[in-house]
Every structure is written in structure tokens, then in C-alpha cells.
Amino acid sequence: MLDIGLVRRDPARVVEGLVRRGIEDAGAIVEAVAERDRTRREALKRVNELKARRNRASKEIGAVRRRGGDASGQIAVMREVGAEIAGLDAVVAEADGWLAETLVTIPNLPDDRVPEGGVEANRIVRQWGARPDFPFTPRPHWELGELLGILDLGAAAKVSGSGFTVLRGRGAALQRGLINWMIGLHAAEHGYEEVRVPYLVTARTMTGTGQLPKFAEESYVTNPDGLWLIPTAEVPVTNLHREEILSGSALPLKYVAYSPCFRREAGAAGRDTRGMLRVHQFDKVELVRFERPEASEAALEELTAEAARILELLGLHYRVVLLAAGDLGFSSALTCDLEVWAPGVGKWLEVSSCSNFRDFQARRAGIRYRPEPGAATGFLHTLNGSGLALPRLMVALLETCQQDDGSVRLPEVLAPVLGFTGIPAAV
């Protein structure tokens with residue numbers, strides 16, 4: 001959530017940031033927020049003045065009555081004051097409600113380093129490795145999956161409809177092994193605490209990280225409970241500390257969590273519909289960090305490198321992409337995507353978005369920290385990134401490691417967790 005204080009101090013900066021995101025009526029939105037905020041503060045100031053006057057009058061009335069005097073005139077005046085206070089309280093309550101409903105719909109402001117424009121302006125920061133060179137035409141993963149007997153899209157469609165997958169045999173074992181391996185690496189080498197979280201959360205929890213109200217149509221909700229299926233483990237993990245005040249000495253807090261993720265993909269009809277490229281349910285290992293504000297910039301670089309380490313150990317060609325303002329997620333101030341090359345489909349596939357939300361989510365979820373004992377509290381910064389997301393990682397791995405006969409030779413680094421490095425073609 002945006003800092004209402006920033007709207008008061010520098011509305012032009014807020015308008016500029018929202019315009020960079022492509023919000024055409026940014027000026028009108030910010031002016032409406034500023035005007036309602038002014039109305040609220042003026043009414044609140046008047047209420048406080050009237051209450052102070054009423055308190056003084058109450059003492060005076062009491063003194064008059066103790067002397068046996070007539071205080072009826074003063075009492076009549078105070079009734080009028082009470083009526084005015086009630087009217088102003090209603091003005092404040094209405095403004096509070098309007099501001100609360102409006103501010104949760106306004107996205108975060110982009111960092112000054114974020115490029116101007118939309119997806120076409122995304123900037124490649126760096127690349128690692130090289131595209132694999134095959135002496136044959138590489139197959140897409142849906143053909144490989146059939147040859148290997150590990151991907152059953154027909155069964156998935158029968159059970160759940162389009163946009164779902166069934167993995168069999170070594171395909172299922174590979175995905176399970178990758179999840180365990182990534183969690184273990186982030187916990188042992190990168191210092192993250194593993195947490196296991198619920199996959200159904202309340203609307204308040206979804207609102208805290210910015211999924212609601214913006215992405216209601218992209219999400220699944222249960223009836224009659226009103227619980228939401230999580231689109232990412234970021235949602236419950238970040239909310240673990242909702243409405244808490246953390247000690248500055250405890251920061252940073254670093255969590256890693258596995259979860260299935262559920263997304264309706266309502267706005268993606270017709271795109272990447274084959275195989276495992278765009279599905280309604282997928283597995284993901286998520287990294288979440290709580291940082292002091294002055295440390296969050298360096299933390300994003302570290303987080304991105306930790307996610308990229310997975311791709312390097314697997315020998316997969318990847319690039320880091322700095323997202324432009326018009327392509328940023330709703331809650332993010334700065335995002336670097338990790339995209340891995342999938343030779344069978346001939347595409348770069350996003351397997352991680354590493355984002356610094358600054359204090360945007362912390363304000364929505366009420367997550368504060370106390371820098372030093374006795375110091376005033378402030379909002380900390382939250383960050384997150386996939387470390388990594390499946391099944392696109394599976395797609396790139398299978399397509400990169402394929403052999404001419406349709407088999408797959410996996411990286412040796414996976415042998416200890418999988419117990420195998422080869423997936424032979426089905427006979």
C-alpha cells in the first residue's frame with residue numbers, strides 16, 4: 001500500500017510513478033486521494049477541538065451545579081457541540097472507508113532504475129552459459145514426455161480439463177527430487193529456514209501481499225468458506241508476520257517454502273497452451289525475505305543470485321531481465337526475471353521473478369520492525385523470488401538434456417537426490 005504521507009508531501013512523484021506504469025488517469029486518482037485525505041484531516045482536527053471544548057465545558061457545568069447554579073444554557077450549547085462532533089465523526093469514518101478501499105487498488109511505484117515502457121522495454125542485464133548445440137532437431141517437451149512415458153496430458157484433461165498435467169514414473173520422481181534438492185540447497189547453503197504453510201488462506205491474507213482485490217479473477221476461491229487457493233507460497237509466508245513488530249536484531253528473516261500454486265490464468269487464453277508451459281496448478285519453491293530498508297537493495301541482488309545458482313548447477317543457459325515499469329507486478333518496485341532457454345520450444349521461459357516490494361506489502365499487512373530497543377517502529381521491506389518454479393524448469397531441463405534417441409541424460413548433480421540420471425525412452 002502506498003504511504004499516504006507521500007501523497008501529501010509529493011503528489012507529483014506519485015503521479016509520475018503511476019503514469020510510468022501506464023495508468024492514464026493517475027492525476028485524477030492521486031488528486032481524489034489527496035482531497036479525501038484533506039477532508040478527513042480537517043474534520044478530525046475540528047473534532048479534536050470540539051472534544052477539548054466539551055471537556056472544558058463539562059468541568060465548568062459541574063462547578064456551576066455544585067454551587068447550585070443554572071447550567072441549562074451551557075448544556076444546550078454542548079448538545080449542539082455533540083451533534084456537530086457526531087456529524088464530523090461520520091465524515092471521518094466515510095473518508096477512512098473510502099481511502100482504505102481506494103489505496104488497496106493503487107500499485108506500488110517503480111524504482112527509478114526501472115526502464116520506461118512495457119514488456120518490449122524489458123532490459124537484459126546479463127546472460128550465463130550458451131545455447132545447447134544439437135546434431136539433431138531438438139524435440140519439444142510434449143513429444144519428449146510421450147517418448148519417455150512420463151507426461152500424460154490426456155489423463156490430466158480427463159481428470160481436470162485443460163491446463164493440467166499428470167507426471168508418471170521418473171517424471172514424477174524428477175519433479176519431487178528437484179523440489180527436495182532446491183529446498184535443501186537454499187536451507188543449507190543460503191541460510192533460509194524451511195517452512196510448511198497452508199495452501200488455503202483468507203481474503204485478508206491475500207490482500208496483505210497485493211493479490212486482492214487486483215487479481216481476484218485470476219484466483220480460485222472456495223464456497224462457502226471464502227478461502228482462497230494460494231497462487232504462490234509468498235502469500236502465506238509473508239503473512240506469517242502480519243500485524244507484528246519484529247526486532248531489528250532479528251533481521252533479515254529468510255524463509256524457503258514449497259507449495260502447489262493455483263492460478264486461473266483468465267487473462268492468458270490461447271497463449272502457450274501446449275504441454276506444461278501455462279497451467280492452472282504447478283509446483284514452486286519460494287524464497288521470502290524480511291529486511292531492514294537500507295539492506296533491501298543488496299538483498300535483491302543476493303536473492304537473484306541464489307535463485308540463479310540452481311540454473312548454474314544444472315548447466316542451463318539463462319538470462320536476467322530487468323522488467324520495465326509497464327510490466328511490473330502490482331506490488332513490486334523492482335523485479336528481475338530469470339529466464340531459461342528451452343531449445344525444444346525455442347523460447348525463453350520465466351522460471352523466477354525476484355522482486356523488492358519495499359514497504360508496500362508491509363504497510364498492507366502491518367509488518368513493522370524496531371531498529372533498536374526503545375526506538376520508534378517503522379515498516380520493513382519484503383522481497384521474494386521463486387527458487388525455482390516448476391514445471392517450466394522441468395521443460396528446460398528435459399529439452400536441454402535430451403538425446404537423439406529420445407532419452408534424457410540428467411546432470412550428475414541430481415544423482416544423489418534422484419538415484420538416477422537417465423530417463424530412457426519408452427519401448
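The values are calculated or read from the model by the stated rules, or taken from the named source; none is laboratory data. Quantities reported herein were computed from a predicted structural model and do not represent experimental measurements. FYI the Cβ positions are ideal-geometry reconstructions off the backbone, even for glycines, and counts take in every protein chain you see. With ligands, DNA and RNA removed, areas are computed over all heavy atoms of the protein, side chains included. Shrake-Rupley method; radii C 1.70, N 1.55, O 1.52, S 1.80 Å.
Observations on the structure shown:
- Meets criteria (open to solvent by 40 Å² or more (accessible area, probe 1.4 Å), basic (Lys, Arg) and within 22 Å of residue 22 (Cβ to Cβ)) for residue 123: yes
- Those residues of the stretch 343-390 which are of a type in the set (Asp, Glu) and within 20 Å of residue 279 (Cα to Cα), in sequence order: 350
- Residue within the stretch 351-364 that is over 26 Å from residue 117 (Cβ atoms), over 18 Å from the mean Cα position of the chain (by Cα), in a helix (DSSP H, G or I) and hydrophobic (A, V, I, L, M, F, W, C) present: no
- All conditions in (1) modelled with pLDDT under 95; (2) at negative phi hold for residue 68, with the sole exception of (2).
Residue-wise test of (1) in contact with a Leu (Cβ under 8 Å, 6 or more places away or on another chain); (2) open to solvent by less than 20 Å² (accessible area, probe 1.4 Å); (3) part of a helix (DSSP H, G or I); (4) of a type in the set (D, E, K, R).
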site	(1), (2), (3), (4)
138	no, no, no, no
143	no, no, yes, yes
147	no, no, yes, no
171	yes, yes, yes, no
176	no, no, yes, yes
181	yes, no, yes, no
184	no, no, yes, no
191	no, no, no, no
196	no, no, no, yes
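- For residue 44, the requirement of being closer than 26 Å to residue 215 by Cα, crowded, with 16+ Cβ neighbours inside 10 Å and not small (Gly, Ala, Ser) is not met.
- Some residue of the stretch 24-40 being in a loop (DSSP other than H, G, I, E, B), of a type outside the set (Asp, Glu) and within 30 Å of the chain's Cα centre (by Cα): no
- Of everything in the stretch 89-136 that is in a loop (DSSP other than H, G, I, E, B) and without any contact (Cβ under 8 Å) to a residue 60 or more places away in the chain, the residue that is farthest from the chain's Cα centre (by Cα) is 133.
- Count of residues meeting criterion [part of a loop (DSSP other than H, G, I, E, B) and open to solvent by 20 Å² or more (accessible area, probe 1.4 Å)] in the stretch 369-385: 7
- Residue among 153, 109, 148 that alone is within 21 Å of residue 405 (Cβ to Cβ) and not polar (S, T, N, Q): 148
- Residue match in the stretch 331-350 (condition: charged (D, E, K, R), surrounded by fewer than 24 Cβ atoms within 10 Å (Cβ to Cβ), in a helix (DSSP H, G or I) and in contact with a strand residue (DSSP E or B) (Cβ under 7 Å, 6 or more places away or on another chain)): no
- Options 31, 60; residue that is in contact with a helix residue (DSSP H, G or I) (Cβ under 9 Å, 6 or more places away or on another chain), at pLDDT 95 or above and surrounded by fewer than 16 Cβ atoms within 10 Å (Cβ to Cβ): 31
- Tally, over the stretch 389-407, of residues that are farther than 17 Å from residue 165 by Cβ and either at pLDDT below 95 or not hydroxyl-bearing (Ser, Thr, Tyr) (or both): 6
- Single unsatisfied condition, residue 365 versus (1) in contact (Cβ under 8 Å) with a residue 24 or more places away in the chain; (2) farther than 27 Å from residue 319 by Cα; (3) surrounded by fewer than 20 Cβ atoms within 10 Å (Cβ to Cβ): (3)
- Selection status of residue 8, in a helix (DSSP H, G or I), without any contact (Cβ under 8 Å) to a residue 40 or more places away in the chain and either basic (Lys, Arg) or open to solvent by 30 Å² or more (accessible area, probe 1.4 Å) (or both): yes
- Selection count where residues are touching a residue at least 12 places away in the same chain (Cβ under 8 Å), of a type in the set (D, E, K, R), assigned to a helix (DSSP H, G or I) and open to solvent by 30 Å² or more (accessible area, probe 1.4 Å), scope the stretch 386-425: 1
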